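Trainee: Submitted below is the structure of interest, expressed as structure tokens.
The values are calculated or read from the model by the stated rules, or taken from the named source; none is laboratory data. These figures come from a predicted structure and were not determined experimentally. Cβ: placed from backbone, ideal geometry, glycine included. Neighbour counts: every protein chain shown. Protein only, heavy atoms only, side chains kept; ligands, DNA and RNA dropped before computing areas. Shrake-Rupley method; radii C 1.70, N 1.55, O 1.52, S 1.80 Å.
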Amino acid sequence: MVEVTAKGCRRWLLLHVEGESGDVTYHRVVSKLRDAGLVGELASAKSVQRLMGDFPRPIKGVGQHVADQEGRCVVTLNVRQLGDVTQPGMTRALVGWLCQRDHPGYLVMDFHHAGHGVGRCDLALVLTARTDLEGQRAAQEAEVLMFEGLGAVVEQDTRRQAVLRTLKRLLPGSRARARLPACAGNIADLFPV
């Protein structure tokens, strides 16, 4: 998950691990990140709670859209189809665009490794805006960026349930079903690093 606010960009890797293998999995992931030249730290329970508290929580419907706890319009873009050709850094333009906006945005990706280099993923972009019109304009710009940079076909969803589903994907022990098939290397290209 990438959290983008006016203060900058933070990347979160939320691991959902069952049983007692959590520590082993965590150390393996940290080792792989370090091997790739990335630095990460174990987030405290307090910082994870803050992340969850700041994420848009749909409160009520406003016109065709949903307002979050800050009164912002929320638009969710779900990737329905992903291009076959990938390259490292292909999400950088999208994250750069998110950083230039005045409102928080979130890029949420689920990945399930199926073994032998095969996996499945889901990708969603959650945008916040002051008004419905501003939210629609931002969603249209994001659609173009996602198509040009990722070869992704997206679907706008302004229903309250869409935001709740995305929020639920972040919760510990979530069982989000990743639908888009891809090899592990292609999915890795989607990470905005």
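Trainee: Show L15, L94 ordered by accessible area, largest first, where the area counts protein heavy atoms only and the probe is 1.4 Å.
Mentor: Working: L15 75, L94 5 Å².
Accessible-area ranking of L15, L94, largest first: L15, L94.
Trainee: If we count every other residue with Cβ under 12 angstrom of E41's Cβ, Lys/Arg +1 and Asp/Glu -1, where does the sum land?
Mentor: Combined, the nearby Lys, Arg, Asp and Glu give +3.
Trainee: Probe of 1.4 angstrom, ligands and nucleic acids ignored: what's the accessible area per residue over the chain, in square angstrom?
Mentor: About 58 Å² of surface per residue is accessible.
Trainee: Sticking with this one: Rounded to the nearest 20 debye, what is the charge dipole size of the chain about its Cα centre when +1 sits on each Lys and Arg Cβ and -1 on each Asp and Glu Cβ?
Mentor: Values: 25 positive and 21 negative charges, 87 e Å.
Once rounded to the nearest 20, the dipole reads 420 debye.
Trainee: Moving to a separate point now. Can you give the accessible area of F147, probe radius 1.4 Å, in Å² rounded to 10?
Mentor: Ignoring ligands and nucleic acids, F147 comes out at about 130 Å².
Trainee: For the chain, which whole percent of the accessible surface, found with a 1.4 angstrom probe, sits on carbon and sulfur atoms?
Mentor: 53 percent
Trainee: Along the principal axes of its C-alpha atoms, what lengths does the chain span, in descending order and rounded to whole Å?
Mentor: The principal-axis extents, from largest down, are 47, 38, 29 Å.
Trainee: Can you tell which of G135, G71, G37 shows the greatest fluctuation in a Gaussian network model of the chain with Cα springs below 10 Å?
Mentor: Greatest mean-square fluctuation among the candidates belongs to G37.
Trainee: Turning to a different aspect of this structure: Which value, in Å² rounded to 10, gives the accessible area of K168 with a 1.4 Å probe and all protein chains present?
Mentor: Counting only protein heavy atoms, the figure is 140 Å².
Trainee: Here's another thing I want to ask about it. Give me the extension gain from A6 to H113: residue separation times 0.36 nm, minus the current Cα-Cα distance, reported in nm with one decimal.
Mentor: 35.2 nm
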